[in-house]
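The values are calculated or read from the model by the stated rules, or taken from the named source; none is laboratory data. Since the model is a prediction, treat every value here as computed from it, not as a measurement. For neighbour counting, all protein chains shown are included, and Cβ atoms are generated from backbone atoms with ideal geometry for every residue, glycine included.
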Amino acid sequence: MSIAVAPAIVVERSVPMAGAVELVLYHPPSAVAVAPGQFFQLAVSAPHTILRRPYSAAWSDPASGRLGFIFNVVGAGSSWLSGLDEGDELDLLGPLGQGFDLEGDRPAICVAGGLGVAVFPGVVRALIARGRTVIVLEGARIATQLLPASRFHGADVRLATDDGSAGHSGSVVDLLAQYFPPPVGEGRVGAVDILTCGPTPMLTALIDAARRQEISLSSIQVALETPMGCGIGTCLGCAAPRAGGGYLLTCQDGPCLRADRIGWDLMTDAFHG
Amino acid sequence: MVASGTFGYGFDAPQVDRTALGAIVSKGTTLRPREGNAPTRIAETPSGMLNAIGLQNPGVDSVARVYAPRWATWDVPVIVNVAGDSVDEYVAVASRLDGVAGVAGLELNISCPNVESGLQFGIDPKMAAEVTRAVRSVTELLLIVKLTPNVTDIVAIARAVEDAGADAVSAINTYVGTAIDVRRRHPILSRGSGGLSGPAIKPLALHAVWQVAAEVHIPVIGVGGIMGAEDALEFLLAGAAAVQLGTVNYVRPQAAAEVHDGIGAYLVEHDLPNMRALPIRRAGVLSHV
């Protein structure tokens, strides 16, 4: 773990989709060190808040020393972060946790629900750099909340919205079902790798669909989101149910985990999306 | 010192210069491994956080066999926080740690539920004294008792554990609190309630230290919501002989070093010889040394 000591500098702020903000930070050590799927703990100074905010890096560019974070503005911490502007400093702790395993040669399907899409720009870029075929299935409630497909250059992007305002009308998991069995799956178990991030109900629906299709859960990787305290394994606050009993720590065992390690039957009780 | 539960067993924060710490107090350790509570375990609240981790820990045997030998090579003393459901369990954990190289002392967490009576050891002077005395009889280690603030008269508990042989008390553990998710109409924490820490409780903790330090003759370790050197100085002025940092470790892992340096700078600035010159009142142990 390499830990940032000097603050990052905000070099760009934009609104990539409705309700969200993207901050581009200049921080060469972090841009170099982070692997796709890893996260940082961002220090916020909003009144009456105390904990850092955990966000996966959306992407990084070691050459320019930049990395991006995309987040929804939903509470005091994200509101404070969204108020930062070019030239402001930001204290980063990280990169932390485990990223996605990007090795392999099978087609990779990235399934993003809502803000879960925020982790994927860098993941898709890294997969394509490895010569892999990449399909992005992106779902949101409404069209304006979709991260533009142009952010996934080189990937085949399919959309789903709850209200039908863009792409498939319904869940992004419906889209995934179209890939089981052929063409990509060709009826063979584990013929694709699935990488996913999104609200817990979407994840559990995806896992249910995969089980019905007898897709091995070990071919699915999940970027888990849980409440988080320290981010480094000391507070034990980010527990998630482990397959077979006990708990995983999202910050150390994850956030990116193979789906067969997670106790899905207990996930819905624990996290309500 | 870094407070129990906020620094694991000392291995998870490689960015922290351990030599800047006076001591590490470990995660609460029980006789057998515990998996902890179901999620959700933490919730941020105004200027603080609630936690209900449920004493997730690998059990005392792993601590003694795996962790302690590594601690023995460190310059910083490690104090093991001990928890249990019964007097026998506290005694068993303490016995297992007595004489183990790398274990510099024990801190008894007497805020845990006592399944035998349905009460907590820490809320009754007699039970607090009983568990302290029982542990005292099986160990030569430094014995600190961590007081719960969820009591009517914390001074009575402090006096009781002092009489029972405690070498020091830490004041205080977390306050019981609740947070509710209005969207789900359900408590955020799976246990319904948890322990409140952070700056929200600092004035309360400071008051407890102010009360206890005036009434006992053993050192009081101040803990509760300290975020920086000025907070720590308040506790030292109130009569604490040392301080523990807790929640701040989650936010600024280097906070202990900053507090240490800040106290030093204050002493120089005010031309004070050492920390023992800080307490406002000449009471408790500090008037006798």
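Data table
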read-out: Subset of the range B:35-73 [aliphatic (A, V, I, L, M) and within 14 Å of chain A (Cβ to nearest Cβ)]; value: B:A38, B:I42, B:A43, B:M49, B:L50, B:A52, B:I53, B:L55
read-out: Some residue of the range B:198-212 being part of a loop (DSSP other than H, G, I, E, B) and not basic (K, R); value: yes
read-out: Qualifying residue in the range A:20-32 (condition: surrounded by fewer than 18 Cβ atoms within 10 Å (Cβ to Cβ), in contact with a helix residue (DSSP H, G or I) (Cβ under 6 Å, 6 or more places away or on another chain), within 26 Å of A:D253 (Cβ to Cβ) and not charged (D, E, K, R)); value: no
read-out: Inter-residue pairs, beta-carbon under 9 Å, first without any contact (Cβ under 8 Å) to a residue 40 or more places away in the chain and in the range B:169-191, second hydrophobic (A, V, I, L, M, F, W, C) and part of a loop (DSSP other than H, G, I, E, B), 6+ apart; value: B:I180/B:I188; B:D181/B:I188; B:P187/B:A179
read-out: Within the range B:239-255, tally of residues that are under 14 Å from B:V16 (Cβ atoms) and away from every other protein chain (no Cβ under 13 Å); value: 0
read-out: Search result, residues across the range B:257-281 that are more than 13 Å from every other protein chain (Cβ to nearest Cβ), hydrophobic (A, V, I, L, M, F, W, C) and not in a loop (DSSP other than H, G, I, E, B); value: B:V259, B:I263, B:A265, B:L267, B:V268, B:M275, B:A277
read-out: Which numbered condition B:I226 fails, given (1) modelled with pLDDT of 95 or more; (2) away from chain A (no Cβ under 14 Å); (3) outside any helix (DSSP H, G or I); value: (2)
read-out: Within the range A:34-78, considering residues that are free of Cβ contacts under 8 Å to residues at least 40 places away in the same chain and away from chain B (no Cβ under 14 Å), the one surrounded by the fewest Cβ atoms within 10 Å (Cβ to Cβ); value: A:A63
read-out: Hits in the range B:32-50 (condition: in contact with a Gly (Cβ under 8 Å, 6 or more places away or on another chain) and either at positive phi or buried (at least 21 other Cβ atoms within 10 Å of the Cβ) (or both)); value: B:G36, B:R41, B:I42, B:A43, B:S47, B:G48, B:M49, B:L50
read-out: Qualifying residue in the range B:206-216 (condition: free of Cβ contacts under 8 Å to residues at least 40 places away in the same chain, within 17 Å of the chain's Cα centre (by Cα) and surrounded by fewer than 18 Cβ atoms within 10 Å (Cβ to Cβ)); value: yes
read-out: Test: residue in the range B:172-189 that is polar (S, T, N, Q) and within 19 Å of B:E234 (Cβ to Cβ); value: yes
read-out: Strands (runs of 3 or more DSSP E) contained entirely in the range A:195-273, each with at least 2 residues that are more than 14 Å from every other protein chain (Cβ to nearest Cβ) and not small (G, A, S); value: A:220-223, A:256-258
read-out: Of the criteria (1) more than 17 Å from B:I110 (Cβ to Cβ); (2) out of contact with any Ser or Thr (no Cβ under 7 Å at 6 or more places or on another chain), which one B:A171 fails; value: (1)
read-out: Odd one out for A:D253 among (1) within 16 Å of the chain's Cα centre (by Cα); (2) charged (D, E, K, R); (3) over 30 Å from B:A3 (Cβ atoms); value: (3)
read-out: Count - residues of the range A:135-145 that are touching a helix residue (DSSP H, G or I) at 6+ places or on another chain (Cβ under 8 Å) and either more than 15 Å from A:A58 (Cβ to Cβ) or not charged (D, E, K, R) (or both); value: 6
read-out: Of all residues in the range B:1-31 being facing chain A (nearest Cβ under 8 Å) and over 22 Å from B:D61 (Cβ atoms), the one that is surrounded by the most Cβ atoms within 10 Å (Cβ to Cβ); value: B:T6
